[in-house]
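K.L.:
I have a structure I would like to understand better, so I am pasting it below and will then ask my questions one at a time.
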Amino acid sequence: MSSSGLLWSCASQESKPALLLLRKALVWPHPGAGQAFMLLWVSVLVLAPVSGKSEAAPKPVISLHPPWTVAFRGETVTLTCNVFHFHAPEKIKRFLWYLGRRRLRETPGNTLEVRDSGQYGCQTQDSLPSDQVSLTFSSENLILQAPPFVFEGDSVVLRCRANAEITLDAMTLHRRGEVLSVSDDSSDFRIEQASLKDNGDYHCSGFKNGCCSYSSNMVNIEVQELFPRPVLTASLSPTVSGKSVTLTCKTQLPPLRSDVKLWFRFFKDDQVLHLGSESFLKIPTLTTRSRDPPYYWCEAQRGSSGVCKQSQKSQLHVQIPVSRPVLTLSPHGASVPEGHTVTLTCKAESGSFPILYQFLREEVVIQKMEPTRGVKSVMSLRAEHSGNYYCTADNGLGAQRSLPVYLTVTVPVSRPILTIRRPRSQVVEGDVVELYCGAWKGSPPILYRFYHEDNALGSSRVYNRRGASFKLPLSAEHSGKYACEADNGLGAWRSETVSLDVKVPASRPVLTVRTPRAQAVEGDVVELHCEAQRGSPPILYRFYHEENALGSSRVHSRGGASFKLPLSAEHSGKYACEADNGLGAWRSETVSLDVKVPASRPVLTVRTPRAQAVEGDVVELRCEAQRGSPPILYRFYHEENALGSSRVHSRGGASFKLPLSAEHSGKYACEADNGLGARRSETVSLNVTVPASRPVLTVRTPRAQAVEGDVVELRCEAQRGSPPILYQFYREDVPLESSSAPSGGGTSFYLSLTTEHSGNYSCEADNGLGAQRSEVVPLSVIVPASHPTLTLRVPGAQAKVGDMVELHCEAQRGSPPIWYWFYHEDVPLGNSSAPSGGGASLNLSLTAEHSGNYSCEADNGLGARRSEAVPLSMSGLTGSRSGPIATGVTGGLFSTLGFGVVALLLYCWLPRKAGGRLTSDPSRSPSDSDVREPVYHNAPAWLELQPVYSNVNPKGGEVVYSEVRRIPQGSKPAANSDSVLGLLRTHPPSHGQAASHRPSDPPGSSVIYSQVKVACPSAYVAPQS
């Protein structure tokens, strides 16, 4: 690129111009070469601060993957040993790894995986040790990870990592205690274009909302130089058209950044000559005749905006490169005895002075000489090491190396040292040991011989200085003293003796159990004897029972060991022993020992399905002896009667299931027998409870019919059931009384009857196993009729002849049906039944004879009760009561009869028409009558009534008028001698108690009318008996 192209420059850096020496390619006559010519190449040498020292031997560089110097404990980091060497990589056969100063291991490859913290280094067989890299495997919660190397212009990633158990909400990066960056979505922090200003100590911190904060380790960042300040060199090179000068901008990238691309710019007196990725530039041929030669310099930059450095400004002058030197040895010959002096001469035939000479052996500098203006350099050394020797010559225009010269130094062998390399601290029969014999001095080849107790084992000839080995599989006979011998023809030497003691591991022991009888029984003492047939003493014998240690014994001679054991039931099982002499324990075969134990006294357990054994349940008789060797025969007994038996071949006892009945109450026992003596258990009592059966309720009354006031006995009894039994009495399902029968049987409950005690009775029996209810027994309590009350109802204020009076009789209490009888002066007038209770009425048409005392009687079969007498007197009674009066009465009677028939028809028709009731309706009460009619109750005087009689069936029977009789004047009724009127009577049905109260017909009476049927029978309610 010309100067008209892109123009950029590094920051100006004043430097004192250096002098560049340019050498033309000239033809110089070579001394003694006739017409031969030598072509000398022009090189550039910077005369400003250049150390003048040759390049040191290369060192490997360790790289990391992943590229962090800090990791969490448990993670793995792969180390790579990078070798930058002029030798081909395939010549590197091994890599040595170091942890601190300690040699860690040797690997065929250049990688190593590590998990431990420390300073790691590597080295090859031809290199110097690498710089150490520090690795830290942290167990902290938060770490800061950084690369091990940072160079100028790098984009550096610092990673703040929390362990897997922590999730952070924000992370902060700090440098030298100051906050650089805060991030809540990434754990990586970047430093773009690293420079020296980024040097310092870094750490990070993390924060978890609502919880806590964490701080990482400290990491020191030291930015290294990416490449040194470039050096501008020049050389003459032939071309087709002539000669030109090649300017080269030389600098060196570090091995770890060898892939970085550099851009180069070439300048001539502040004019850009070229810009590109090539580090060289060809310019036209230079001449040295210019009095003011131009200044040349170059710049190297990483990329287009990275690190940029500038070379010193230089002028070009001619310089002759050094020729290839020649190395010679004195005295002459390929072999020199050890300790003799050897002179090495290095000579370069041509080259500009000063020339720096160095002497090397096998790539290692053994002497660096001071720069000289002579054509050769000489050094002397004491012959100690055989190998290839060569020298180099360098005048700053390129080092030249001589051809190698091999020097053989012959050394007598030294006294060898015998080392026995064993796989463990104590060698054991069967191990393979390595006998290593090495003489630290001696010219190869060396013949090594190995001896055991002066007996030759073998030999080996070695052509290097590594010594010789002999591998020996050990047996018990190999114990003793060993030695080795080294001989290289200049005299044999024998090593010191080394003792070797070969241990024999104990063989598998045999365990023997010695018992005092054929069958081991609890209480016997047995002897356990353990013996290993082979093994180096002392031997420790251990005795085991089911993997549990019993004891041990250390034996210092052959014969085995014994252990005595008093037997108990727990000692049955497998026994073994172990023999151990420190070379590995061996366990014997197991030996079984069965210790027989007599059966202990068994325990009988009765398992019931509920707290109380009940008839019908199935109980389990469980018999178990806590101790005793199986098989055990268990027998079950009830009151010494055998129930059954069971033979059990394992522990746990035996069971016998028994369905219960009432006969199974009693004492139970069991017996255990394993052939060493039978043992009987304690007896266990079992009480079988029988549920109460359905009880029977009996009502015992003092008479056939229960009457109010009687005391009845309610007797409840269940025929079966275990006492105590609780009896509960009920009336209409309402509890009355409860009573317990502690010894069984039934119980009674006494009840003084009232009318409210009628109803259905039952009882319940319960002995805790379920209540049982009896059948229902009905009880009807009859109440005797009370004293009735007679009420007389007349139409006016004063009763008089012809009035229709109503006699109403009613008992306030009494069980229906009740028969009512009406009396006039103790003469029955009529009767009526009240089937449903209530009172009854009798209508009477008054005549003069009806004055007197009236009463009524109530009877429901439990005894008739008479009301108090009620007097009735009538006004307007004068003159005789015979003769014409009788005739009038007779006429009036027929008139009354016709009137009654008409009234009867109306009586039947009106209720149907108006929904009314008959006068004999039992629902009628004194309160239903007309309030305007005067009512006489126990009137003091008789009322004179008209001779009209009417008798109404109080219950509306089919017959209203049964008979109409006429009584002659000369005769008197039995109940009333003053009556001269005929008697109209109603005969109720001849059944029940009313028939017994029917009055006898008056003597001399004649029937006027026999019967009058009811025209509307449907309006009446038939009397109920």
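K.L.:
With a ≥ b ≥ c the root eigenvalues of the C-alpha gyration tensor of region 120-247, is it rounded (a/c under 1.5), prolate (a/b larger than b/c) or oblate?
P.N.:
Values: a/c = 3.78, a/b = 2.27, b/c = 1.66.
The shape class here is prolate.
K.L.:
Also, quick follow-up: Taking θ = phi - 60°, what integer Hz values does the Karplus form 6.51 cos²θ - 1.76 cosθ + 1.60 yield along region 540-555, in sequence order, with x for Gly and Pro?
P.N.:
The phi angles translate into 9, 9, 10, 10, 10, 10, 6, 6, 9, 5, 9, x, 8, 8, 9, 10 Hz.
K.L.:
Report the extension gain between V405 and E106 in nm, rounded to one decimal, defined as 0.36 nm multiplied by the number of residues separating them, less their alpha carbon distance.
P.N.:
Full extension of this stretch gives 104.4 nm more.
K.L.:
What figure in square angstrom, to the nearest 10, would you give for the accessible area of L403 with a 1.4 Å probe?
P.N.:
Its accessible surface works out to 110 Å², give or take rounding.
K.L.:
Across every pair of different alpha-carbon atoms, what Kirkwood hydrodynamic radius in Å does region 650-698 reach?
P.N.:
Numbers: mean 1/r = 0.0698 Å⁻¹.
It works out to 14.3 Å.
K.L.:
Roll a 1.4 angstrom probe over the protein heavy atoms and tell me the percent of accessible area of region 724-813 that is carbon or sulfur.
P.N.:
Values: 2040 of 4000 Å².
It is 51 percent, rounded to a whole number.
K.L.:
In whole angstrom, how far apart do the alpha carbon centroids of region 342-373 and region 703-727 sit?
P.N.:
Cα centroid of region 342-373 versus Cα centroid of region 703-727: 147 Å apart.
K.L.:
Now for a separate question. Stretched out fully, how many nm does the piece from N464 to R587 gain, at 0.36 nm a residue minus the Cα gap?
P.N.:
Working: separation 123, 0.36 × 123 = 44.28 nm, distance 4.96 nm.
Between N464 and R587, full extension yields 39.3 nm more.
K.L.:
With θ set to phi - 60° and the Karplus curve 6.51 cos²θ - 1.76 cosθ + 1.60, what are the ³J(HN,Hα) couplings of region 640-645 in order, to the nearest whole Hz, using x for Gly and Pro?
P.N.:
6, 9, 5, 9, x, 8
K.L.:
Could you check the simple spin-label distance between F72 and N455, using points 7 Å along Cα→Cβ, in nm with one decimal?
P.N.:
If labels sit at F72 and N455, their model points lie 6.2 nm apart.
K.L.:
Can you compute the FRET efficiency between V513 and S425 using 1/(1 + (r/R0)^6), with r the Cβ-Cβ distance and R0 = 60 Å? Round to the nearest 0.05. Write out the running numbers ahead of the final one.
P.N.:
Details: r = 37 Å, r/R0 = 0.62.
Calculated transfer efficiency: 0.95.
K.L.:
Sorted by accessible area with a 1.4 angstrom probe, largest first, how do H340, H824, H571 fall? Can you show the working numbers first?
P.N.:
Details: H340 100, H824 5, H571 35 Å².
The ordering from most to least exposed comes out as H340, H571, H824.
K.L.:
Between E732 and Q719, what is the label-point separation in nm under the 7 Å Cα-to-beta-carbon projection?
P.N.:
That separation, rounded to one decimal, is 3.3 nm.
K.L.:
Another one. Leaving ligands and nucleic acids out of the surface, order D617, D487, D454, D501 by accessible area at 1.4 Å, largest first. Before the final figure, lay out each step's value.
P.N.:
Numbers: D617 15, D487 40, D454 125, D501 85 Å².
Largest accessible area first, the list is D454, D501, D487, D617.
K.L.:
Contour minus end-to-end for S117 and Q612, with contour as 0.36 nm per residue of separation and end-to-end as the Cα-Cα distance? Present the calculation step by step, with values, prior to reporting the outcome.
P.N.:
Details: separation 495, 0.36 × 495 = 178.20 nm, distance 7.68 nm.
Value of the extension gain: 170.5 nm.
K.L.:
Further question: Run the simple label-point estimate for A662 and S258 please: 7 Å along Cα→C-beta, distance reported in nm.
P.N.:
About 11.4 nm separates the two model spin labels.
K.L.:
Now for a different question. Using a 1.4 Å probe and ignoring any ligands, DNA or RNA, find the accessible area of Y544 and quote it in Å² to the nearest 10.
P.N.:
Y544 exposes around 30 Å² with every protein chain in place.
K.L.:
Another one. Hey, can you grab everything whose amide H is under 5 Å from the amide H of N199? Only 5+ residues off in sequence or another chain; H modelled, so Pro and N-termini drop out.
P.N.:
Here V223 satisfy the definition.
K.L.:
Within region 619-653, which trypsin sites (Lys or Arg not before Pro) sit in a loop by DSSP and count at most 13 neighbouring Cβ atoms inside 10 Å? Don't jump to the answer; show the numbers that get you there.
P.N.:
Numbers: sites: R622, R627, R635, R647, R651; in loops: R627, R651.
The qualifying sites are R651.
K.L.:
Can you give the net charge of the other residues whose Cβ lies under 15 Å from the Cβ of L790, counting K and R as +1 and D and E as -1? Please report the intermediate quantities before stating the final value.
P.N.:
Working: positive: R793, R865, R866; negative: E806, E810, E825, D826, E857, D859, E868.
Residues close to L790 contribute a combined charge of -4.
K.L.:
Name the long-range amide H neighbours of V231: under 5 Å, sequence gap of 5 or more, or other chain; modelled H, no Pro or chain starts.
P.N.:
K250, T251
K.L.:
Here's another thing I want to ask about it. Using every Cα-Cα pair within region 412-538, state what percent have a distance larger than 16 Å. Could the numbers behind the result be given before it?
P.N.:
On the way: 5438 of 8001 pairs.
Percent of Cα pairs beyond 16 Å in region 412-538: 68.
K.L.:
Follow-up question, since we're still on this one. Given the pairs K309/K347; K197/K282; K93/K250; K59/K93, which span a C-alpha to C-alpha distance of over 28 angstrom in this model? Don't skip to the answer; put the middle values down first.
P.N.:
Details: K309/K347 39 Å; K197/K282 38 Å; K93/K250 33 Å; K59/K93 16 Å.
Long pairs (Cα-Cα over 28 Å): K309/K347; K197/K282; K93/K250.
K.L.:
Which of the trypsin sites (Lys or Arg not before Pro) across region 711-776 are loop residues per DSSP, with 16 or fewer other Cβ within 10 Å? If you can, show how the numbers build up before the last one.
P.N.:
Details: sites: R715, R720, R731, R773; in loops: R720.
Hits after loop and neighbour filter: R720.
K.L.:
Got a sec to turn the phi values of region 442-450 into Karplus ³J(HN,Hα) couplings, 6.51 cos²θ - 1.76 cosθ + 1.60 with θ = phi - 60°, whole Hz, x for Gly and Pro?
P.N.:
x, 7, x, x, 10, 9, 10, 10, 10
K.L.:
Turning to a different aspect of this structure: Which order do the peptides 468-481, 837-850 take when ranked by the mean count of other beta-carbon atoms within 10 Å per residue, highest first?
P.N.:
Details: 468-481: 15.2, 837-850: 23.7.
Listed from highest to lowest mean packing, they are 837-850, 468-481.
K.L.:
Would you mind counting up the charge near N548? Only other residues with Cβ under 15 Å from its Cβ, with Lys and Arg at +1 and Asp and Glu at -1.
P.N.:
Working: positive: R542, K574, R587; negative: E546, E547, E570, E578.
Around N548, the surrounding residues sum to -1.
K.L.:
Nothing charged except the Cβ atoms of Lys and Arg (+1) and of Asp and Glu (-1): what's the magnitude of the dipole of region 310-453 about its Cα centre? Round to the nearest 20 debye. Can you show the working numbers first?
P.N.:
On the way: 15 positive and 11 negative charges, 82 e Å.
The calculated dipole for region 310-453 is roughly 400 debye.
K.L.:
Okay, moving on. Between the DSSP loop rule and a limit of at most 11 other Cβ atoms within 10 Å, which trypsin sites (Lys or Arg not before Pro) in region 354-426 are left?
P.N.:
On the way: sites: R361, K368, R373, K376, R382, R401, R421, R424; in loops: R373, R424.
Taking region 354-426 and a limit of 11 other Cβ atoms within 10 Å, the loop trypsin sites (Lys or Arg not before Pro) found are R373, R424.
The values are calculated or read from the model by the stated rules, or taken from the named source; none is laboratory data. All values derive from a computational prediction rather than experimental measurement. Note that each Cβ is placed from the backbone with ideal geometry, even for glycine, and that neighbours are counted across all protein chains shown. Only protein heavy atoms, including side chains, enter the accessible area calculation; ligands, DNA and RNA are left aside. Shrake-Rupley method; radii C 1.70, N 1.55, O 1.52, S 1.80 Å.
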